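Since the structure comes first, as structure tokens, the remarks are kept for the end.
The values are calculated or read from the model by the stated rules, or taken from the named source; none is laboratory data. From a predicted model like this one, the values you see are computed outputs, not experimental measurements. Backbone-built Cβ (ideal geometry, glycine too); neighbour counts: all protein chains shown.
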Amino acid sequence: MCLGIPGEVIEVLEDRPDLAKVDVSGVKRNINIGLLEDDPVVPGDWILIHVGFALSKIDEAEAKAALDFLESIGKAYEDEMAALLDSRIE
């Protein structure tokens, strides 16, 4: 099962505007935001992430509901978090 995980944008990297530092349940990663170039992200935005790529912007309430749901399903959430940890965009 593939899941999208919500994360909060901390900063958009100045030298790489296609990347943003994002906090996902305490894990901070650089995420590719290139797919959202038509709706640019800014710090404080919430995005839906899959394997290191931002798929869409979401609001904070939707992000919290998704995180609560993902934590409740256990193994699939753990697998997606492991995939996020393995995805390194340098």
- Query: Within the range 34-44, can one find any residue that is surrounded by 11 or more Cβ atoms within 10 Å (Cβ to Cβ) and either under 10 Å from the mean Cα position of the chain (by Cα) or among the aromatic types (F, W, Y) (or both)?
  - Reply: no
- Which residues, counting only those in the range 23-60, are in contact with a strand residue (DSSP E or B) (Cβ under 8 Å, 6 or more places away or on another chain), under 15 Å from D86 (Cα atoms) and of a type in the set (A, V, I, L, M)? V24, I31, I49
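Out of I10, I58, I5, which single residue is at pLDDT 95 or above and touching an Asp or Glu at 6+ places or on another chain (Cβ under 6 Å)? Outline the logic, then answer.
Values: I58 fails: touching an Asp or Glu at 6+ places or on another chain (Cβ under 6 Å); I5 fails: at pLDDT 95 or above.
It is I10.
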